[in-house]
Structures are given as C-alpha cells and as structure tokens.
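Undergrad: Take a look at the following structure, please.
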Amino acid sequence: MKILLILAWRNLWRNRKRTLITVSSVLFAVLLATLFVSMEKGSYERLIDSMVRYSTGYIQIQDVLFDEEPSIDHTLLFDEEIEAILKKNDEQIAFHVPRLQNFVLVATENNTRGSILNGIDPELEIRMNDLNEDLVKGEFLKPDDNGLMLAEGLAGILNVTVGDTLVLLGQGFHGSTAAGTYPVKGIVDLKIPEINNNTIYMSLSEAQWFYGTGNRVTSLIIMPENPARTQQLAENLRMMIDPEWHRVLTWEELLEDLLNLMKFDVAGTMIMMMILYIIIAFGLFGTILTMLIERRKEFALLFSLGMKRAQVAIVCFFEALFISMAGVVLGIIISIPVVAWFYHHPIPLSGDMAEAIADYGFEPVLPFSADPNIFLNQALIVLIISFLIGLFPVYKVFRIHIMEAKK
Amino acid sequence: MKTVIKTTNLQKIYNNSVAPVKAVNDISLEFKEGEFTAIVGPSGSGKTTFLNLIGGLDKPTGGEIFIDGTEISTMKESELFDFRLRNIGFVFQSYNLIPVLTAKENVSFIMLLQKRPKAEMEKRATEMLEQVGLSDKLNSRPNQLSGGQQQRVAVARALASKPKFVLADEPTANLDTESAFNLLDIMEKLNKEENITLIFSTHDQRVIERAGRVITLVDGRVSEDEVGSSRFEV
Ligand SMILES: Nc1ncnc2c1ncn2[C@@H]1O[C@H](COP(=O)(O)OP(=O)(O)O)[C@@H](O)[C@H]1O
Ligand SMILES: [Mg+2]
C-alpha cells in the first residue's frame, strides 16, 4: 500500500506545472464558491437576524386563531397555565417577551392617523432588541408607564414632540371602545420607513388597560438560551400547550414568506455554483485524461511486471484525490482569512442601492457570513466531484489492453 | 536438466491485416534450467511475439505453453498477472524503468509487490546493483542514467526476485557496441551465478556468439537451433 501512495505522490511532481495549475484551479473555485455563498448567506443572515431580533423573536406562543386572523379578540391569556409551562422549560428559556399589538387611531388637534400600538414590557423589550439605543429624544418607557413613546417618522407626520399630548382611539376587547389621552415621553428612530411612520409604544399594563384585555397578549415571544436549539424547545412547548387554544410558532414559520423569497433567490446562486463546479470538474478531468494517455506505456510495463490492475487504479485514484484535496485544503485555508476579512470589513455600497438598504435601517454594506458550514459544504461538494472524476481513471485502467498499450 | 519452458505447436496468427500473418508458426521448443539462449532472426520474424507468448503477455491462437509443467495459455488474466509476478523476469527494449522510482526502488519493485521482507529486499537490491556495476547509482532516477545503465538496472530488477526465467526482448537494441557487450557480459555472468534461465532476442550478429544456445526464427518458424556452438569453438 505504501508503494502505491509513493507512486501517486511522486507522479504528481512529474509535471509540476500542470499539477500546480490544476491545484490552483480547484483552489480558486473553492475560494470563489465560498465567497459567493458567504456573501449571499451574509445578506440573509442579516435580514433574518434583524427580523428575529426586532420583530418575531425565535418562538412565539399565540392564540390558535391569531396567525390567521390577527385581532384583539384572538389574544392569549397569559395565565398560570402558561407561566407553569415556561417554568418547566426554564433551563432552555433565556427570557420571554410579552406583547400586545393592535391597530389604533392617533389624533392631535389638527391631524389623525392610523398606527400600530405596541404594548411592551420595556425591560424585556430592551433585553431582546436594545430598543433603548434607538431613543433620540425624551425618555424610554418604564414598566407601568402611562405615557407613550413614538417612532420618529410618526412624530414628524403628526408634528408632535416630547411633552405633547395625543388622543388614542381604538376597538377594545370584545367590541368595547378604547379611548384615552396620553403624553409623549420619548421618541425612537426605527429606521425602516414603513415601521417608523406608524409605530407607537406603550407599557404593556397600560395597553392592557386601554384595550380592556386584562392579562392578555397578542404574542408571547420566547427567547431560547441556545438559539441553535430553537426547534427542540418549540417541540417541547408544543407538547405542553393546549392545542385547542394555543399555538407555538418558530421564526421559520413566522417568516415563512420571507424565507420562501430567499429560497427562490438561492436558485440563482445555485446556477452560478454549478458553472463553477463544472469548470473544476473539466479542469481536473482534463489533467487526469492527459495523465492517462501519457502513461499508457508505463501502465503496460507495470502490468507486464505483474502489478495488479486494481493497484494501478488505486495509484491513479490517489493522484486525482491528492490534487483535489490539495486544492480544497488550500482553497479553504485561503478563503478563511478572506471571508473573515470581508466579515469584519463588509463591502461598502454606494448610490441607490446604498440608500435603499439604509432605508431599512441597515448599514449600506454587503455583509458576509462566517458560518463554518459554508467552508465544510464547499469542501465536501468539491471533494465529491473529484471523487467521481477519480473513478474515471479507475474505469480506464481496468480496460487497458496490455499488448496495445505496449506498442 | 529440468525443463522450465515447453511449447508445443505454438501459433499466433494476426488476422487484422490484409492477409492473415502467422507471426509464430508451429513452434515446439523446450528450455532447460539455467540455459542462456538467444532468439535471433530478422525484423518481423516473430521474436517479440514468441517472447510475449511464453511470458504470458499475449494469448496464442494455437498450441500450448507449459511453464514448469503448468499450461499458462488457458489461465485467466488475473492468474496470469500473479503468475508473471512470481515466475518471470522481464527486460524490454526500452521503457523498462518506473520513472518516479530510484534505481534501487526499481530493483526492489517486484520484491515489493511480492511482499518480501524489507531487510531481504534492501540487501538483494543493493547486491544486484553492485553486480551490474551501479553501486554508485542506487538513488539515481532513470532520467539521470544513461541508456546502458538503465538496461543494467532492468536486468538487475529482472533477476533480483529470482524468477524461474528471464525474458529480454532486444535488450541491447538501443545501445552502442560497448554498452551492448557490457550488458551481455552482465547477463551471462548472472545467468551462471544465479542459475536463472535467460532468453533474449536480438537481430544483432555481434552479440549472438555470447549465447549458449541460438535459435533462429524465420517467418515465425524455427529454422535453426544450435547448442553451444561458438562458445566451444573459441
Ligand atoms: N499486433 C499486431 N498486429 C498485427 N500484426 C502484428 C502484430 N504484432 C506483430 N505483428 C506481425 O507479426 C510479425 C512478427 O512480428 P514481431 O514478433 O514483432 O517480430 P520481431 O520481433 O522479430 O521483429 C510481423 O510480421 C509483424 O508485422
Ligand atoms: Mg521485436
């Protein structure tokens, strides 16, 4: 066996230049592929991360009807039963964030506008998404606060500022009327225009009183200790809740539409990747084919001496594998710092694209993902390709006719 | 003396040309242990074809080949591979050595495939390279050796594993006169010392007289078979 490895290894260095060219073509393909995937994944990660952090959380418990028909009447009673379930999964839950969200009309002396009223627990909300960092004026809400916090865009539209008073009008629990006047205590910049132009925050207790819901919430967000084990935690919760009344949704279910959109996008990248893989495959195949043709006489010699076809085939297979392994390993070694660099220094964008992205509250850059799976997957795919190509010389070696090769 | 190789009515007909070519035509011969035989004849007389047949590299279209009493022409390919490895040493006209291995590794190669103990292999390879006068070239690669030196390494390899017999197809054809005689000297010496049957083909009159037995082929047939002629005349 050792002699087979020695032969394969030394054969690689017979045509140093060709070997190096083939290795570097594999290397560049791996590098390009990882960069591509890292860039695409980076954008998705950023989007998902911000959606999960600001809006959906990892897991939500809702009333069974809320997802299909979001309404104040389809709220979840946050009672001892739910508390007990949370308690039982205490070890896996970092914290939970209750929210009561509903449509509301907001009015000043000369302006009226429809908005979303968010009843939040200020401390838990901050823990989830650092909302306090978005405060641009006034003070952040306190628990049981009886004031309001306004998104900056909405404050501009209504032409109000800290200290002004607003009238809120809405439909409360089971058809009751919800009405009240509230002072503006603080203003937050929520960046994404659609959200920034129609969001109002109120303390959860005040919102529950305003809508007359008692101890009800529209969603109870669960933040897991380990986000990687979201599915498992969701399963545990699903087994404990009363499915007739409650429903457990993960961020993947909550963001289903967005994720579907991304999958569609991934198809485009897949085509690019396929082209890359085909280039690698052909490069490798070409090298191996020439090696086979050049060495017909040598194969005839080896067979004459009594070396088994299987042994010669193993030598050829090793050669193909060595080349691609070298390419893959070097490709990964080089792409790790490159991806890491882009991860820490995302490519800055300019022009319309930059503006569009900035509108959504993101930095105007192309982010990269440093997910180790990217490297592993690319390495695996290229290795599988070269493994398959390595089978070609094996097939060929078993078909060489000694007397013909000897000529 | 023991018979190592025996052919009966051996025949190889090539059908792929305009008319069928009887490259080997009804050859019945015996080779005894320790013989040093030259197969001579003009180009196209069937020397290579005959050696390939008794070396188990090619299949006859008629007749039989017995090696130590075993009929080899009916063997399966995989059996033949193993048979060659265990019993036959080869020296070809050119392209004898594995380019990526050193002289010593080339000489050890057959023993390595036979899975001989490492120490024995080392000792034998060094000894054989000494015998062919290349003890200073143990670690040279084939491309660092002259044509004559390469053929000597090939002879050392063929004999190192102590096969039943060695077949050398025109081993001197690409060599100058001096190297050719030198190689013949070595082959003759090793044939005697190791008592290994050695059959070589040539169309070179200069080297024929070194052989103990000279078989002349014409158009695939044996036209002459002289034993011990010239050597005893000197
Ligand atoms: N593969 C082959 N196909 C057809 N004819 C062949 C083949 N090999 C050899 N021959 C023919 O067989 C005859 C003997 O060839 P060969 O054994 O090579 O002779 P030598 O080695 O004495 O020069 C020649 O006429 C040659 O043309
Ligand atoms: Mg010939």
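The values are calculated or read from the model by the stated rules, or taken from the named source; none is laboratory data. None of the values given here were measured: they were computed from a predicted structure. Cβ placement follows ideal geometry from the backbone for every residue including glycine, while neighbour counts extend to all protein chains displayed. Note: accessible area is taken over every heavy atom of the protein model, side chains too, but ligands, DNA and RNA are not part of it. Shrake-Rupley method; radii C 1.70, N 1.55, O 1.52, S 1.80 Å.
Undergrad: Given springs between every Cα pair under 10 Å in a Gaussian network model of chain A, which of A:Leu292, A:Leu124, A:Leu190 has the largest fluctuation?
TA: Highest fluctuation among the options: A:Leu292.
Undergrad: Quick query: amide H of B:Phe165 versus all other amide H atoms, modeled in the peptide plane; which residues come in under 5 Å with a sequence gap of 5 or more or a different chain?
TA: Placed amide hydrogens put B:Gly89 under 5 Å from B:Phe165.
Undergrad: Along its three principal axes, how long is the protein assembly as shown when you only count alpha carbons? Whole Å, largest extent first please.
TA: 137, 53, 49
Undergrad: Let me ask something else. Expressed as an acute angle from 0 to 90° and rounded to the nearest 10, what is the orientation of the C-alpha long axis of helix B:103-113 relative to the principal long axis of chain B?
TA: Taking Cα atoms only, the helix is inclined about 60 degrees.
Undergrad: Kindly work out what percent of the DSSP beta bridges joining two residues of chain B are antiparallel, to the nearest 5.
TA: Of all bridge pairs located within chain B, approximately 55 percent are antiparallel.
Undergrad: In the range A:300-330, what residues drop by 10 Å² or more in accessible surface going from the chain by itself to the full protein assembly, probe 1.4 Å?
TA: Relative to the lone chain, where solvent access is computed with a 1.4 Å probe, the range A:300-330 loses at least 10 Å² at A:Leu301, A:Leu302, A:Phe303, A:Ser304, A:Leu305, A:Gly306, A:Met307, A:Lys308, A:Arg309, A:Gln311.
Undergrad: Also, quick follow-up: Mind checking which of A:Val365, A:Val217, A:Val52 has the largest fluctuation in a GNM of chain A, springs on alpha carbons under 10 Å?
TA: Between A:Val365, A:Val217, A:Val52, it is A:Val365 that shows the largest mean-square fluctuation.
Undergrad: Pick out, in residue order, every one of the GluC sites (Glu not before Pro) in the range A:222-251 that is DSSP loop and has at most 12 other C-beta atoms within 10 Å; say none if there are none. Don't jump to the answer; show the numbers that get you there.
TA: Working: sites: A:Glu225, A:Glu235, A:Glu244; in loops: A:Glu225, A:Glu244.
Here the sparse-neighbourhood loop sites are A:Glu244.
Undergrad: Under 10 Å, Cα contacts only: if you run a Gaussian network model on chain B, which one of B:Arg86, B:Arg206, B:Arg141 comes out with the highest mean-square fluctuation?
TA: Sorting by GNM fluctuation, first place goes to B:Arg206.
Undergrad: Of all accessible surface on the range B:1-117 at a 1.4 Å probe, what whole percent is carbon and sulfur? Don't jump to the answer; show the numbers that get you there.
TA: Details: 2410 of 4700 Å².
Whole-percent figure for carbon plus sulfur exposure: 51.
Undergrad: If one takes the accessible area of chain B alone plus chain A alone and subtracts that of the pair, with a 1.4 Å probe, what total in Å², rounded to the nearest 100, results? Each step should come with its number before you reach the end.
TA: Working: alone 11200 and 21390 Å², together 30410 Å².
Heavy-atom accessible area buried at this interface is about 2200 Å².
Undergrad: Follow-up question, since we're still on this one. How much area per residue is accessible in the protein assembly as shown when the probe is 1.4 Å and only protein heavy atoms are counted (Å²)?
TA: Per residue, the protein assembly as shown has an accessible area of 47 Å².
Undergrad: Counting only protein chains, not ligands or nucleic acids, how are A:Tyr44, B:Tyr95 ordered by accessible area (probe 1.4 Å), most first?
TA: On the way: A:Tyr44 40, B:Tyr95 85 Å².
Reading off the accessible areas and sorting them downward yields B:Tyr95, A:Tyr44.
Undergrad: Say a paramagnetic label sat at a point 7 Å from the Cα of A:Val394, along Cα to Cβ; which residues of the range A:1-38 have their backbone N under 19 Å from it?
TA: The answer is A:1-9, whose backbone nitrogens lie closer than 19 Å to the label point.
Undergrad: Name the residue from A:Phe387, A:Gly42, A:Met128 whose Cα lies farthest towards the positive end of the charge dipole of chain A, charges +1 on Cβ of Lys and Arg and -1 on Cβ of Asp and Glu.
TA: A:Phe387
Undergrad: Rounded to a whole number, what % of the accessible area of the range B:123-234 do carbon and sulfur atoms account for, probe 1.4 Å?
TA: Numbers: 2180 of 5040 Å².
Here carbon and sulfur together make up 43 percent of the probe-accessible area.
Undergrad: Round to the nearest 10 and give me the degree value, 0 to 90, for the angle of helix A:296-305's Cα axis relative to the longest principal axis of chain A.
TA: The helix A:296-305 is inclined about 70 degrees to chain A.
Undergrad: Using 0.36 nm per residue, how much length does the chain from A:Lys17 to A:Ala310 gain when fully extended, once their Cα-Cα distance is taken away? Working shown, then result.
TA: Values: separation 293, 0.36 × 293 = 105.48 nm, distance 2.78 nm.
Extra length available between A:Lys17 and A:Ala310 comes to 102.7 nm.
Undergrad: Using a 1.4 Å probe on the protein heavy atoms, what percent of the accessible area of chain A belongs to carbon and sulfur?
TA: Reported share for carbon and sulfur atoms: 61 percent.
Undergrad: If you don't mind, there's one more thing I want to ask. If you wrap a convex hull around the Cα atoms of the range A:86-142, how much volume per residue is inside, in Å³?
TA: 113 Å³
Undergrad: Keeping every protein chain in place, order A:Phe342, B:Phe165 by accessible area at 1.4 Å, biggest value first, i.e. largest first.
TA: From most exposed to least exposed: A:Phe342, B:Phe165.
Undergrad: ³J(HN,Hα) across the range A:239-245 via Karplus (A = 6.51, B = -1.76, C = 1.60, θ = phi - 60°), whole Hz, x for Gly/Pro?
TA: Each residue's phi maps through the Karplus curve to give 6, 9, 6, 8, x, 6, 10 Hz.
Undergrad: On C-alpha positions alone, give me the angle between the axis of helix A:309-344 and the longest principal axis of chain A, in degrees, nearest 10.
TA: Roughly 30 degrees, rounded to the nearest 10.
Undergrad: Here's a follow-up. Roughly how much of A:Phe103 is accessible, in Å² to the nearest 10, using a 1.4 Å probe?
TA: Per-residue accessible area (A:Phe103): approximately 120 Å².
Undergrad: Please give the residues of the range A:110-131, grouped as numeric ranges, whose backbone N is less than 20 Å from a label point set 7 Å along the Cα-to-Cβ vector of A:Lys142.
TA: The answer is A:119-127, A:131, whose backbone nitrogens lie closer than 20 Å to the label point.
Undergrad: Turning to a different aspect of this structure: Antiparallel as a % of all DSSP beta bridges within the protein assembly as shown, to the nearest 5? Provide the component values of the computation, followed by the final result.
TA: On the way: 66 of 93 bridges.
Close to 70 percent.
Undergrad: A further question follows. What list of ³J(HN,Hα) couplings, whole Hz, do you get for the range B:128-136 from phi and the Karplus terms 6.51, -1.76, 1.60, once you set θ to phi - 60° and write x for glycine and proline?
TA: After applying 6.51 cos²θ - 1.76 cosθ + 1.60, I find 5, 5, 5, 4, 8, x, 10, 5, 8 Hz.
Undergrad: Let me ask something additional. Taking accessible area as the heavy-atom solvent-accessible surface of the protein chains with a 1.4 Å probe, which residues of the range B:78-93 lose no less than 50 Å² upon going from the isolated chain to the full protein assembly?
TA: B:Phe81, B:Phe92
Undergrad: What do the square roots of 5 times the Cα gyration tensor eigenvalues come to for chain B, in whole Å, largest first, as semi-axes of the equivalent ellipsoid?
TA: 28, 21, 17
Undergrad: What residues qualify as long-range amide H neighbours of A:Leu349, i.e. H under 5 Å apart, gap of 5 or more or another chain, H built at 1.01 Å from N?
TA: Under 5 Å from the amide H of A:Leu349 lie the amide H atoms of A:Val365, A:Leu366, each far enough along the sequence or on another chain.
Undergrad: Using each residue's phi in the range A:37-46, evaluate 6.51 cos²θ - 1.76 cosθ + 1.60 at θ = phi - 60° and report the 3J(HN,Hα) Karplus result to the nearest Hz, with x for Gly and Pro.
TA: Once rounded to whole Hz, the list reads 5, 4, 5, 5, 5, x, 5, 5, 4, 4.
Undergrad: If the only charges are +1 at each Lys and Arg Cβ and -1 at each Asp and Glu Cβ, what is the size of the charge dipole of the range A:65-242 around the Cα centre, to the nearest 20 debye?
TA: 280 debye
Undergrad: Suppose accessible area is computed on protein heavy atoms with a 1.4 Å probe; arrange B:Glu130, B:Glu79 from highest to lowest. Could the numbers behind the result be given before it?
TA: On the way: B:Glu130 110, B:Glu79 90 Å².
Listed by decreasing accessible area, they come as B:Glu130, B:Glu79.
Undergrad: Give or take rounding to whole Å, what are the principal axis extents of the alpha carbon atoms in the range A:65-242, in descending order?
TA: That works out to 52, 36, 27 Å along the principal axes.
Undergrad: Okay, next question. At 1.4 Å probe size, what's the solvent-accessible area of A:Trp13? Round to the nearest 10 Å².
TA: 90 Å²
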